[in-house]
Amino acid sequence: MSEPTTTTLDTLQIGQSATVRRVGGDGAVRRRLMDMGLVNGVQIEMIRPAPLGDPVAYKVRGYRLSLRKSEAHLIEVEV
Amino acid sequence: MSQSMQTLPTPLTIALAGNPNVGKSSIFNALTGANQHVGNWPGKTIDKQQGRLSIQGREIEIVDLPGTYSLAAYSVEEIIARDFIVNEKPHAVVTVLDATNLERNLYLAAQMLELNLPLVIALNMADEAEKQGIEIDTRRLSAALGGVPVVQTIGSRAIGIDDLKESIYKLAASPQAPVIPKLNYGPEVETELRALEAHISAIRPLGGMYNPDWLALKLLEGDEELFSRLSDEGNAALVALAKAAIARVEELTGEDPELLITDARYGFIAGVLEQAVVRESTLLETVSDRIDKLVMHRIWGLPIFLMLMWVVFQVTANVSAPFLDYVDYAFSGPVSTWASAVIGLIGLGGTWFESLVVDGMIAGVGGVLVFVPVLMFLFAAIAVLEDSGYMARAAFVMDRVMRLMGLHGKSFLPMLVGFGCTVPAIYATRTLKNEDDRKLTAFLVPFMSCGARLPVYVMFGAIFFGAASGNLVFAMYILGILIAVGTGIVMKHTLYKSKPPQPFVMELPPYRMPSVRTVWRQVWEQTSSFLRNAATLILLISMVVWLLMAVPARADAGTFTDVDPEHSLFGTASGMIAPVFAPAGFGTWEASGSLITGLVAKEVVISTMSQIYVAEYAEEAAEPTTFVEDASGLVLGFGEAAVLTVQEVVNIVPRTLNLLPGLSIPEANFLGAAADDEDTSALGQVLLGTFTPLAAVAFCVFVLLYVPCMAAVAAMRQEFGTRWMILQAGYALLIAWGAAVIVYQVGTLIGLG
């Protein structure tokens, strides 16, 4: 295992997994992200982007979640 | 006996809660059967579903709350669900959980536990969970949740409903709350919670209204909605205390309490899962994963999306057409004839009364009912898309494009339906969950050129441009789209600029076979809601137009209901408006008159023109029919409409395949009927004399852009209120006038006139 590197969720490649560390943003967006289960320590996998590149589908807590890239960018992850 | 009557007096109220897409409505249907009614949440446009059932003689009222992931007050659904639970204090809450996705579903359940209400868990989709190899020990799940009853259900097949009823009844019979495990939010948060609770309990009316534990928790989460509500109620001091508490927690832990509390809920859930889940899903790839591979594919995703949308468009525009024609025929033919006959029998034939009933009331009712087939087909198509899980994928695929206009991926469908008919398109915005997205989409939908406007372009195109008429038609469609896109972009950067960004964050639910029952239920509810709400305004407007046409403007112009259009109040009003259109090149009372009746329905523009430009056209009376002919026409017409509907469904296949270059598969034609053309040759001659080609284009531009019709206006009012309706109509009229004038003036300037 190599050293974990910190990046943001929108940089993940297809099939790549990461651990959520921090959810940024504020107000409704942040609240919504946390309510959907994106909190510190949760595993998340990038499934695939939409045909036009944005939004992106992820698998988290056993279900599929789609986020715009701007939203995924708010989430700090460890790869 | 009398004692039990005293202890159990009023009907119990039970709320049904759950995430979206967990089969909540199938549980609701299974519990209540046909005993349902639909109302509105106070001040909200979302339907409120209620139902009654009786368990061992006890009357129970079930309220189906909107599907939510959380009880944070960031969406309309969440506010409705939370307000109902907190303010109405139902006797129990049934929370429906999807057994195939227990982890995220338990997040809502955890928040229900925080409310400290009697709770029943319906562990739904038990069959699907089993198929995926998931095994959940319901007894241990119940224990981990502090003794909350847990019932396994399969809502779609009404399995487990009796057990669920029994659990509800037991809770009702012994109203003490179950022992509920306290979630542990960590020492810093707990300390502040205790302090806030003490303050809340000391404010007496507040302690009675809210559960102090819950209120303290929500305040510490920084709940803006409660902050402003409490401040309005004169408890600004408490809000200040809460904000200070939040700051203290942040200072001590480096994290805000909102995050700590959410973390604690998911921590609690992890513990529950560890105890209750015997085996997790053994599937590496579910059916949904496989469908997604195709449907969300980099290359195939878009074509598949476009094809499905095309099919939906066909369903609303063509498949509904035979029954639409049938309703039209029934009301203008047999129903009117019979009404006239009955009125003749009571000796009022040929009087204003006959005109009121036939031309006013029956025509008005027909004008409402004509929308019923198209709405039913649209609602069915949307319900299937939603319930199958595809709608979320459609939004996923299209979001990038729609975002340019400040819209959501799901806005595409209403816009597309708008090319068929604006009225169902406005209702189609219901698929959008965010109120701002909905309003903006509905604002733009009327600029999509609907099917009823097409005949106007076609007629003017044929008369003035002959073989090149296709160019005019095409240009109108493109202009409509451009105006919508432009309006969207402008609104995004002005009206909506100051609004905080709304999360797109969307679940892609598992694919499921839609059940006929739930689809039909949605079709029925939404169609009847249209009849209840929008019908009144449509009827009112058609009566007003009838009245204007019936009243002579001058004493010598004729008598009530027996007057030339030109000399009626209608003609006079049209003449007064006419100068407004002079800069657009069609400032005649005839043109503005047909535009006014176009408000009733765009289909009427041409027939009004025929009536007032070509007098003999109106005189040409229909062949008189006998009662038997009418009756058999009604019956045969229904059968014919049914056959044609099937034909249109079949024809979706060739029409779709013919979109591919080089293919031309013939369409089915079961009845061997030829397409009927409206004879407009006489009208054409007159129009050539009164319009210049440029004025004809300007007229088409106006028809494209101005208020679609009164039914669309009524739909807009039903969905978004009078203010938004007036705003849209005013904007549309202004844009339509401006565009028509620009076309005419610029055209004249560069010598096209």
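The values are calculated or read from the model by the stated rules, or taken from the named source; none is laboratory data. All values derive from a computational prediction rather than experimental measurement. Note that we place each Cβ from the backbone using ideal geometry, even for glycine, and neighbour counts take in every protein chain shown. The area values use the complete protein model at the heavy-atom level, side chains included, leaving out ligands, DNA and RNA. Shrake-Rupley method; radii C 1.70, N 1.55, O 1.52, S 1.80 Å.
Give the residue, chosen from B:Phe443, B:Phe396, that is part of a helix (DSSP H, G or I) and more than 14 Å from chain A (Cβ to nearest Cβ).
B:Phe443
Per-residue answers, yes or no, for (1) outside any helix (DSSP H, G or I); (2) in contact (Cβ under 8 Å) with a residue 12 or more places away in the chain; (3) not hydroxyl-bearing (Ser, Thr, Tyr):
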| residue | (1), (2), (3) |
| --- | --- |
| B:Leu71 | yes, yes, yes |
| B:Asp83 | no, no, yes |
| B:Val93 | yes, yes, yes |
| B:Val96 | yes, yes, yes |
| B:Thr100 | no, yes, no |
| B:Asn105 | no, yes, yes |
| B:Ala110 | no, yes, yes |
| B:Leu117 | yes, yes, yes |
| B:Ala122 | yes, yes, yes |
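Among what's in segment B:483-510 and is buried (at least 19 other Cβ atoms within 10 Å of the Cβ) and under 30 Å from B:Phe28 (Cβ atoms), pick the residue that is modelled with the lowest pLDDT.
B:Gln502
So in segment B:52-74, with the set limited to residues that are among the hydroxyl-bearing types (Ser, Thr, Tyr) and open to solvent by 30 Å² or more (accessible area, probe 1.4 Å), which one is nearest to the other protein chains (Cβ to nearest Cβ)?
B:Tyr74
Considering only segment A:49-59, state which residues are without any contact (Cβ under 8 Å) to a residue 40 or more places away in the chain and either assigned to a loop (DSSP other than H, G, I, E, B) or more than 7 Å from chain B (Cβ to nearest Cβ) (or both).
From segment A:49-59, those without any contact (Cβ under 8 Å) to a residue 40 or more places away in the chain are A:49-55, A:57, A:59; that's our starting set.
Within segment A:49-59, A:Pro49, A:Ala50, A:Pro51, A:Leu52, A:Gly53, A:Asp54, A:Pro55, A:Lys59 meet the criteria.
Taking A:Leu9 as the residue in question, decide whether it is more than 11 Å from chain B (Cβ to nearest Cβ) and crowded, with 16+ Cβ neighbours inside 10 Å.
The answer is yes for A:Leu9.
Could you identify the single residue in B:Glu285, B:Glu251 that is out of contact with any helix residue (DSSP H, G or I) (no Cβ under 7 Å at 6 or more places or on another chain), open to solvent by 50 Å² or more (accessible area, probe 1.4 Å), part of a helix (DSSP H, G or I) and more than 8 Å from chain A (Cβ to nearest Cβ)?
B:Glu251
Inspect segment B:26-41 for any residue being crowded, with 20+ Cβ neighbours inside 10 Å and either within 14 Å of chain A (Cβ to nearest Cβ) or part of a loop (DSSP other than H, G, I, E, B) (or both) and give the result as yes or no.
no
Please find, within segment B:409-430, the residue that is modelled with the highest pLDDT out of those that are open to solvent by 10 Å² or more (accessible area, probe 1.4 Å) and more than 20 Å from B:Arg298 (Cα to Cα).
B:Met415
Within segment B:297-310, track down each residue that is touching a Ser or Thr at 6+ places or on another chain (Cβ under 8 Å) and surrounded by 15 or more Cβ atoms within 10 Å (Cβ to Cβ). Talk me through it step by step, then tell me what you get.
First, the residues of segment B:297-310 that are touching a Ser or Thr at 6+ places or on another chain (Cβ under 8 Å): B:307, B:310.
Selection gives B:Trp310 alone.
Search segment B:523-532 for residues being under 24 Å from B:Ser156 (Cβ atoms) and buried (at least 19 other Cβ atoms within 10 Å of the Cβ), and hand back the single one that is modelled with the lowest pLDDT.
Among them, the one singled out is B:Gln526.
For residues that are aliphatic (A, V, I, L, M) and within 14 Å of chain A (Cβ to nearest Cβ), scanning just segment B:497-524, find the one that is farthest from B:Ala72 (Cα to Cα).
First, the residues of segment B:497-524 that are aliphatic (A, V, I, L, M): B:505-506, B:508, B:513, B:516, B:519, B:523.
After this cut, where a residue has to be within 14 Å of chain A (Cβ to nearest Cβ) as well, the list is B:505-506, B:508.
Working: B:Val505: 15, B:Met506: 16, B:Leu508: 21 Å.
Once the filter is applied, the top-ranked residue is B:Leu508.
Sort out which residues of segment A:31-48 are open to solvent by 20 Å² or more (accessible area, probe 1.4 Å) and at the interface with chain B (Cβ under 8 Å from one of its Cβ atoms), and write them in order of number.
Hits for segment A:31-48 are A:Arg32, A:Asn40, A:Ile47, A:Arg48.
Under 8 Å by Cβ, and 6 or more places apart or on different chains, what pairs join a residue from segment B:620-633 that is open to solvent by 50 Å² or more (accessible area, probe 1.4 Å) with one that is modelled with pLDDT of 80 or more?
Within 8 Å, the pairs are B:Thr625/B:Gly333; B:Thr625/B:Pro334; B:Thr625/B:Thr337; B:Thr625/B:Gly633; B:Phe627/B:Trp338; B:Phe627/B:Ala341.
Any idea which of (1) open to solvent by 30 Å² or more (accessible area, probe 1.4 Å); (2) within 30 Å of B:Leu537 (Cα to Cα); (3) in contact (Cβ under 8 Å) with a residue 12 or more places away in the chain is the one B:Met710 doesn't satisfy?
(1)
If B:Gly186 satisfies all but one of (1) open to solvent by 30 Å² or more (accessible area, probe 1.4 Å); (2) at positive phi, what's the number of the condition it fails?
Only one criterion is unmet by B:Gly186, namely (1).
Limited to segment B:297-338, what total is found for residues that are under 30 Å from A:Asp54 (Cα atoms) and not in a helix (DSSP H, G or I)?
Of the residues in segment B:297-338, 4 are under 30 Å from A:Asp54 (Cα atoms) and not in a helix (DSSP H, G or I).
Filter segment B:133-160 down to the residues that are within 22 Å of B:Tyr266 (Cβ to Cβ) and assigned to a loop (DSSP other than H, G, I, E, B), then identify the one that is modelled with the highest pLDDT.
It comes out as B:Asp137.
Listed here are the residues, each with its yes/no results for (1) open to solvent by 40 Å² or more (accessible area, probe 1.4 Å); (2) under 26 Å from B:Leu508 (Cα atoms); (3) in contact (Cβ under 8 Å) with a residue 60 or more places away in the chain.
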| position | (1), (2), (3) |
| --- | --- |
| B:Gly222 | no, no, no |
| B:Ala247 | yes, no, no |
| B:Glu255 | yes, no, no |
| B:Ile269 | no, yes, yes |
| B:Ser281 | yes, yes, yes |
| B:Arg290 | yes, yes, no |
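Any residue in segment A:65-72 that is more than 8 Å from every other protein chain (Cβ to nearest Cβ), within 23 Å of B:Leu106 (Cα to Cα) and either open to solvent by less than 40 Å² (accessible area, probe 1.4 Å) or assigned to a strand (DSSP E or B) (or both)?
No: zero hits.
Mind telling me which of the residues B:Leu454, B:Leu444, B:Leu479 ends up being crowded, with 21+ Cβ neighbours inside 10 Å and among the hydrophobic types (A, V, I, L, M, F, W, C)?
B:Leu444
Here is a yes/no grid of residues against (1) more than 24 Å from B:Glu114 (Cβ to Cβ); (2) out of contact with any strand residue (DSSP E or B) (no Cβ under 6 Å at 6 or more places or on another chain); (3) polar (S, T, N, Q); (4) modelled with pLDDT of 90 or more:
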{"site": "B:Val38", "(1), (2), (3), (4)": "yes, no, no, no"}
{"site": "B:Thr45", "(1), (2), (3), (4)": "yes, yes, yes, no"}
{"site": "B:Glu59", "(1), (2), (3), (4)": "yes, yes, no, no"}
{"site": "B:Tyr69", "(1), (2), (3), (4)": "no, yes, no, yes"}
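Where in segment B:548-659 are there helices (runs of 4 or more DSSP H), lying wholly inside it, with at least 2 residues that are under 25 Å from B:Leu683 (Cβ atoms)?
B:569-577, B:589-600, B:604-613, B:615-619
Looking for whichever is more than 12 Å from chain A (Cβ to nearest Cβ), open to solvent by less than 40 Å² (accessible area, probe 1.4 Å) and at pLDDT 85 or above here; the options are B:Val327, B:Val335. Which one fits?
Numbers: B:Val335 fails: open to solvent by less than 40 Å² (accessible area, probe 1.4 Å).
Exactly one residue qualifies, and that residue is B:Val327.
Going by the structure shown, is B:Leu294 within 12 Å of another protein chain (Cβ to nearest Cβ), open to solvent by 60 Å² or more (accessible area, probe 1.4 Å) and assigned to a helix (DSSP H, G or I)?
Considered against the rule, which asks whether it is within 12 Å of another protein chain (Cβ to nearest Cβ), open to solvent by 60 Å² or more (accessible area, probe 1.4 Å) and assigned to a helix (DSSP H, G or I), B:Leu294 comes out as yes.
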